[in-house]
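So the structure is just underneath, and the comments pick up after that.
The values are calculated or read from the model by the stated rules, or taken from the named source; none is laboratory data. Note that this is a predicted model, so its numbers are computed, not measured. Don't worry about glycine lacking a Cβ; one is built from the backbone with ideal geometry, like all the others, and counts go over all protein chains shown. Just the protein is used for accessible areas: all its heavy atoms, side chains included, with ligands, DNA and RNA removed. Shrake-Rupley method; radii C 1.70, N 1.55, O 1.52, S 1.80 Å.
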Amino acid sequence: MEQKSSYRILISGGGTGGHIFPALSIANALRRRCPDIEILFVGAEGRMEMERVPAAGYRIIGLPVCGFDRKRLWRNVKVLWKLRKSMSIARKVLKEFSPDIAVGVGGYASGPILKAAQAAGIPTLLQEQNSYAGVTNKILASKATDICVAYSGMERFFPAGKIVMTGNPVRSSLLELGHTQEDAKKALGFDPSRPLVIVVGGSLGARTVNQAIEASVDDILAAGASVLWQTGKLYNDEYIHIAEGRGHLQIQPFVSAMDIAYKAADLVVSRAGASTISEIQLLGKASVLVPSPNVAEDHQRKNAMALVVKDAAIMVLDSDAREKLGTTIVNLLHDGETRMRLQRNVAEMALPGADEKIVDIILARIADKN
């Protein structure tokens, strides 16, 4: 049998930044530890990972897989056909790449390749970002070797003996920035003497959050704050005019320098995706979370509640945002004691070094196999 020149790791999952950023963090940590390692990503055709992964310097193969349509069941005939085709491609990929281990970070893209890996006897590690496990990871759990999680109580979904509490990997740039908060505000063009509210609804944007900020931005500015408002690329043209002539307000379709923005922020207003919450925890930021109602099994609300019950964040439901979000932000701007309490409590929930912990497990499993 031909001897492998290095370890080969397959990483699969995607569809959103919440899956892609942890996957890339794991890959980068593997590459730091083992520079000659071979890493192959498998994603879903047409999804975000097909652009983001190659941009980060990794090879990716796309499967024609897509998610089940839970509302229009008749459309799932095509979904099943794509799943069958994806399974065939997945088996071919495994045969050609011959990975030592397959890592799944969630999302339907990881289903076919991880299922095929398990059938072939290849060790599989799952990384679950959310407090409420995703469907794909729940299906794969029984045959997984290890399941890395970021929240307690995940025995509700997974075999207890396979669970390892690692936390969620985050972008290393967020933790490596050398700026002070004052320097970060200046770098963004804001007055360092004013508190800064950053509003991030996701790369595409969040309509309800944007509408709520539009209705309340005058009150937020009048409370003495500056605002960095990421509208998302779908909505920027609709709102960009609001910033005209206002020196303490910046409106952008996408904030590329999130490391600087987070460092500068006194208050973060955001959806409640798992990666965002992990970043808030590690950076110790006070936040108002507006969970998206358009996600599987309402998992963002459950993510937010995991912080709310520990007095580590404020939650405003999407259905209440137009009425309550602005008032909540203004009240927090006037209540420094509450902001400080939120910062302390959320920082206590942080689990640093998740990428390195996951790499430790991956390399241990390869060693066991060999």
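Quick notes on this one:
- Residues (outside any helix (DSSP H, G or I) and more than 24 Å from residue 125 (Cα to Cα)) located in segment 324-359: 334, 335
- Each residue in segment 110-135 was checked for being within 15 Å of residue 87 (Cα to Cα) and out of contact with any Ser or Thr (no Cβ under 6 Å at 6 or more places or on another chain), and 4 pass.
- Count - residues of segment 166-195 that are of a type in the set (A, V, I, L, M), assigned to a loop (DSSP other than H, G, I, E, B) and either in contact with a strand residue (DSSP E or B) (Cβ under 7 Å, 6 or more places away or on another chain) or modelled with pLDDT of 95 or more (or both): 0
- Within segment 150-160, the set of residues being aromatic (Phe, Trp, Tyr), modelled with pLDDT of 95 or more and open to solvent by less than 30 Å² (accessible area, probe 1.4 Å) comprises just one member, 158.
- Only one of 198, 220, 163, 147 that is open to solvent by 10 Å² or more (accessible area, probe 1.4 Å) and modelled with pLDDT of 95 or more: 163
- Reported count of residues in segment 324-367, each being in contact with a helix residue (DSSP H, G or I) (Cβ under 8 Å, 6 or more places away or on another chain), under 27 Å from residue 8 (Cα atoms) and open to solvent by 50 Å² or more (accessible area, probe 1.4 Å), is 2.
- Scanning segment 132-144 for residues that are in contact with a Gly (Cβ under 9 Å, 6 or more places away or on another chain), open to solvent by 10 Å² or more (accessible area, probe 1.4 Å) and part of a loop (DSSP other than H, G, I, E, B) yields a single hit, 134.
- Segment 254-296: number of residues that are farther than 20 Å from residue 24 by Cβ, open to solvent by 10 Å² or more (accessible area, probe 1.4 Å) and in a helix (DSSP H, G or I): 2
- Residues in segment 32-49 that are within 19 Å of the chain's Cα centre (by Cα) and crowded, with 19+ Cβ neighbours inside 10 Å: 41, 42, 43, 44, 47, 49.
- Selection status of residue 207, open to solvent by 20 Å² or more (accessible area, probe 1.4 Å), out of contact with any strand residue (DSSP E or B) (no Cβ under 6 Å at 6 or more places or on another chain) and of a type in the set (Lys, Arg): yes
- Segment 206-225 residues that are under 13 Å from residue 238 (Cα atoms), paired with ones that are open to solvent by less than 10 Å² (accessible area, probe 1.4 Å) and not hydrophobic (A, V, I, L, M, F, W, C) (beta carbon under 6 Å, 6 or more apart): 210/231
- Subset tally (residues that are within 25 Å of the chain's Cα centre (by Cα) and open to solvent by 10 Å² or more (accessible area, probe 1.4 Å)) for segment 231-244: 4
- All of 356, 323 fail the test of being modelled with pLDDT of 95 or more and over 21 Å from residue 229 (Cβ atoms), apart from 356.
- Every pair of residues 6+ apart whose Cβ atoms lie under 8 Å, when the first sits in segment 144-166 and is within 16 Å of residue 350 (Cβ to Cβ) while the second is aromatic (Phe, Trp, Tyr) and open to solvent by less than 50 Å² (accessible area, probe 1.4 Å): 149/158
- Matching entry among 321, 312 (being crowded, with 20+ Cβ neighbours inside 10 Å, assigned to a loop (DSSP other than H, G, I, E, B) and within 25 Å of the chain's Cα centre (by Cα)): 312
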